[in-house]
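Trainee: Can you read through this structure? Questions will come right after.
The values are calculated or read from the model by the stated rules, or taken from the named source; none is laboratory data. Values in this document were obtained by computation on a predicted structure and should not be read as measured data. So basically every Cβ, Gly included, is an ideal-geometry build from the backbone, and we count neighbours across all protein chains shown. In case anyone asks, the SASA skips ligands and DNA or RNA and just uses the protein heavy atoms, side chains included. Shrake-Rupley method; radii C 1.70, N 1.55, O 1.52, S 1.80 Å.
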Amino acid sequence: MLTYFLKMIIRNKTALFWGFFFPIALMLLFKITFGNIVSTENSLDERNVAVVLQGEGLYQDNFKAMMDEIAEGTGTDELNIKVEYTDLDTATEKLDSKKVDFYYVVSDEEVEVHLGEKYGIATGMIAREIADTYKVNMDIIDECMTSDPSKMEEVARSLQERISYISLEDKEGIDIYMWYYISTLVMGILFDYSSGIRVLAAIRADVSGSAMRVAISSSSKTKMVLSCLLAQLILSLSKTAVHILFMQFVIGIDILSKAGLVAIGIASATVFSICLGILLGMFFKGDAQARENKSLGIVMLSVFISGEMIVTLPGYIEKFAPIVNRINPATLFNKIFYRILLCENTGDLMTNIAIITAASVLMLVVSIIILRRETYASL
Amino acid sequence: MEVIKVRSLVKKYKELVALEHLDLTVYEGEILGLLGPNGSGKSTSINCILSLLSYDKGEIEVFGKKMSPKAYDLKKMIGVVPQEVAVYEELTVQENIDFFCGLYIKDKETRKKYVDEAIEFVGLNDFRKFRPKKLSGGLKRRLNIACGIAHKPKLIFFDEPTVAVDPQSRNKILDGIEQLRDQGATIVYTSHYIEEVERLASRIAIIDKGHVIASGTADELKKSIKKNETIRIEVAGLTEKNIAFIESMGSLYSVSYENGVLRAEAGTGKHVVTDLITYLQGEDLSIGNIYSEQPTLNDVFLEITGKELRDE
Ligand SMILES: Nc1ncnc2c1ncn2[C@@H]1O[C@H](COP(=O)(O)OP(=O)(O)OP(=O)(O)O)[C@@H](O)[C@H]1O
Ligand SMILES: [Mg+2]
């Protein structure tokens, strides 16, 4: 039975494409696009950046520290940036007269990026990336301040370390577009929701004809569920393992040095995705394909608002509906992996993983209760 | 021996009453034809008997025991060929049959033998390694059958197994079903094709609106209705008076005369046709061809429900 389930999953072209090949293709695409930009940047002339600090405080200090770090790191093989601190009027004027390539306005609430009229792609990317990194830093600092202010210093230090990544000190080791790669990895894992639907399709007579045959047979449903689940887990985890190896050896992101934490993260994310699939599948109506399509809509939405395509999206959402970022699985997983790979402190990482695991268990228990109570099919 | 006993089964889908006090008995070794138009409740009654659906009222016994979702000992003896082809697209013909046979037969050796026999039985030997997508409609139906019968069940349900199948494949399927009966299986066969049911079934239950309106052998059913046969006689120059007389003969109904053809339905009396012909000859009318049509199950259905069974 297990062998057959394994065969079924491997031979399902749609699932194989979305769950396995699509993420790899996307990562390759990122590699090609960003790889080029990064290399042109290095050969490009120095970029002049103006920074307008409005008010005083942690946010402004952090931004300044980050910019200085980038500017100091300037060398032949690195991001070439010259920073000057000034007021808003001067910055605007300098941008107009092309004396600076872009400028930032940093206040307590936000950081604005102002670009000139005809800015190049590379300039835009650099400008945005710096701002994004800062935003991610601030999110983490904010979270830390509310949860455990005593750890502040530690967090700040680890952020300093991260900031230096932007300056591409170690070009081989880390990629500034980490976020894209991570969210692609996460997307691949979230696509395992389809495994959950498949489990349902194996045993629920109203989902598939084959399940109807199971329902009328003298076999027990529990055994079917378990072998189907096991098959799903084996293949989902192997698939993600290949993605990790791909990221490590083709993209050049060092993941294996944190293999333990990454494995925990992946395991919890995979289990979560499968449980989510089971629950969504039970909630929707129709045949397996219909349920899968509807669930796919939800998963895609989750992936989209986590910033898979637009990195700054979570930042905007944070402003208007922060709750979304707290409960959106894709965002949560992105953050988990981001922290595992880029931060030294993994303190509340485990809390996040625990929350995810608890949510999975809850979904599983609900599903099992519903499934066990159904002796008859609701055809 | 009664293999299936269904007593006053009531099944509602919300407001819609799909089965209304359905009674059905199936005896060992017979092929029971469950004949009814679309939506009459054939599939629903099968699904209830299989404990796939819950029902509102009634009793269902299979092999003399109460049927329930957990009656695994009963389920072991049942095979089903569902109306819609139900197989895994990702598995080959052989793998599909083996998978579903494996739901009943755990022993590998036995299962291998059974699977081979099932493949042989439906004639899919050349297609063992094919995926369902690559099979034609008729072959897919045969695979559907093989998946339902590979474990050698004693009671088999066929729910319209020949829908959208060409006549050649259809005949093969019907032959196969007879073969299964000859091997000792009891079979419930649903269809809305009258000819199939007449050819195959040893007993027929006609179902309409969730209720069995008549049951018996084909002959019994035909005899049960008033109409016996339809007579058509080519005869020239019949007058009003002649027709009035024919109507008054007492055993002829629905008499009509059009374009030189006299049409009448004969009741169950003796010598009805000879009497009529004798009369026409006595009137010195010249008679052409004479046709006589036996009543069909459609006539049975028409007489009981007032509507046609055929929908094609
Ligand atoms: N899941 C359902 N929900 C609501 N109504 C249903 C459902 N399944 C069947 N019905 C209704 O119950 C009645 C009986 O349906 P059933 O499928 O048993 O008919 P059938 O005799 O098998 O017809 P067919 O020849 O088309 O297969 C129909 O009126 C149908 O519309
Ligand atoms: Mg039906």
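Trainee: Which of the residues belonging to region A:244-257 are surrounded by fewer than 16 Cβ atoms within 10 Å (Cβ to Cβ), in contact (Cβ under 8 Å) with a residue 60 or more places away in the chain and assigned to a helix (DSSP H, G or I)?
Mentor: Listed by number, the list holds a single entry, A:Val250.
Trainee: Now a separate question. Say whether the condition of being hydrophobic (A, V, I, L, M, F, W, C), at pLDDT 95 or above and more than 16 Å from ligand 2 (Cβ to nearest atom) is met by at least one residue in region B:12-21.
Mentor: The answer is no; no qualifying residue exists.
Trainee: If a residue must be open to solvent by less than 40 Å² (accessible area, probe 1.4 Å) and not hydroxyl-bearing (Ser, Thr, Tyr), how many such residues does region A:262-286 contain?
Mentor: Final tally of qualifying residues: 15.
Trainee: Check region B:108-118 and report whether any residue there is closer than 24 Å to B:Tyr193 by Cβ, assigned by TED's automatic domain parsing to the domain that holds B:Pro153 and buried (at least 21 other Cβ atoms within 10 Å of the Cβ). Please lay out each step first, then the result.
Mentor: Going through region B:108-118, the residues closer than 24 Å to B:Tyr193 by Cβ turn out to be none.
Looking through region B:108-118, none of the residues is closer than 24 Å to B:Tyr193 by Cβ, assigned by TED's automatic domain parsing to the domain that holds B:Pro153 and buried (at least 21 other Cβ atoms within 10 Å of the Cβ).
Trainee: Please work out which residue is most open to solvent (accessible area, probe 1.4 Å), limiting yourself to region B:163-188 and to residues that are under 18 Å from B:Pro132 (Cβ atoms) and within 16 Å of ligand 2 (Cβ to nearest atom).
Mentor: This residue is B:Ala164.
Trainee: Now, a different point. Within region B:13-56, can you find the residues that are assigned to a strand (DSSP E or B) and either polar (S, T, N, Q) or more than 9 Å from ligand 1 (Cβ to nearest atom) (or both)?
Mentor: Once the filter is applied, which keeps residues that are assigned to a strand (DSSP E or B) and either polar (S, T, N, Q) or more than 9 Å from ligand 1 (Cβ to nearest atom) (or both), region B:13-56 yields B:Glu20, B:His21, B:Leu22, B:Asp23, B:Leu24, B:Thr25, B:Val26, B:Tyr27, B:Ile31, B:Leu32, B:Gly33, B:Leu35.
Trainee: Please return the ranges of helices (runs of 4 or more DSSP H) entirely within region B:85-196 where 2 or more residues are among the basic types (Lys, Arg).
Mentor: Values: elements: B:93-101, B:108-122, B:137-149, B:167-182.
Of the helices (runs of 4 or more DSSP H) lying wholly inside region B:85-196, those with at least 2 residues that are among the basic types (Lys, Arg) span B:108-122, B:137-149, B:167-182.
Trainee: Taking the criterion of being open to solvent by 10 Å² or more (accessible area, probe 1.4 Å), within 23 Å of B:Leu52 (Cβ to Cβ) and either away from ligand 2 (no atom under 16 Å from the Cβ) or among the acidic types (Asp, Glu) (or both), would at least one residue in region B:130-141 satisfy it?
Mentor: Yes, region B:130-141 contains at least one residue that is open to solvent by 10 Å² or more (accessible area, probe 1.4 Å), within 23 Å of B:Leu52 (Cβ to Cβ) and either away from ligand 2 (no atom under 16 Å from the Cβ) or among the acidic types (Asp, Glu) (or both).
Residues checked against (1) touching a residue at least 12 places away in the same chain (Cβ under 8 Å); (2) over 18 Å from A:Phe272 (Cβ atoms):
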{"site": "A:Met187", "(1), (2)": "yes, no"}
{"site": "A:Ser195", "(1), (2)": "yes, no"}
{"site": "A:Asp206", "(1), (2)": "yes, yes"}
{"site": "A:Arg213", "(1), (2)": "no, yes"}
{"site": "A:Ile216", "(1), (2)": "no, yes"}
{"site": "A:Ser219", "(1), (2)": "no, yes"}
{"site": "A:Thr222", "(1), (2)": "no, yes"}
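Trainee: Would you call B:Asp208 within 16 Å of ligand 1 (Cβ to nearest atom) and closer than 24 Å to B:Thr305 by Cα? It would help to see each step written out before you state the result.
Mentor: Numbers: within 16 Å of ligand 1 (Cβ to nearest atom): yes; closer than 24 Å to B:Thr305 by Cα: yes.
Judged against the criteria, B:Asp208 is a match.
Trainee: Which one is surrounded by the most Cβ atoms within 10 Å (Cβ to Cβ) among residues in region A:191-229 that are of a type in the set (Ser, Thr, Tyr) and within 19 Å of B:His151 (Cα to Cα)?
Mentor: Among them, the one singled out is A:Ser210.
Trainee: Would a scan of region B:184-200 turn up a residue that is over 19 Å from B:Ile46 (Cβ atoms) and free of Cβ contacts under 8 Å to residues at least 40 places away in the same chain?
Mentor: Yes; the residues of region B:184-200 include at least one that is over 19 Å from B:Ile46 (Cβ atoms) and free of Cβ contacts under 8 Å to residues at least 40 places away in the same chain.
Trainee: Same structure, new question: Hey, does region B:29-40 have a residue that's within 16 Å of ligand 2 (Cβ to nearest atom), under 17 Å from the mean Cα position of the chain (by Cα) and open to solvent by 30 Å² or more (accessible area, probe 1.4 Å)?
Mentor: As a first pass, look at region B:29-40 and keep what is within 16 Å of ligand 2 (Cβ to nearest atom): B:32-40.
Now restrict to residues that are under 17 Å from the mean Cα position of the chain (by Cα): B:32-40.
Right, trim to open to solvent by 30 Å² or more (accessible area, probe 1.4 Å) and you get B:38-39.
Checking region B:29-40: at least one residue is within 16 Å of ligand 2 (Cβ to nearest atom), under 17 Å from the mean Cα position of the chain (by Cα) and open to solvent by 30 Å² or more (accessible area, probe 1.4 Å).
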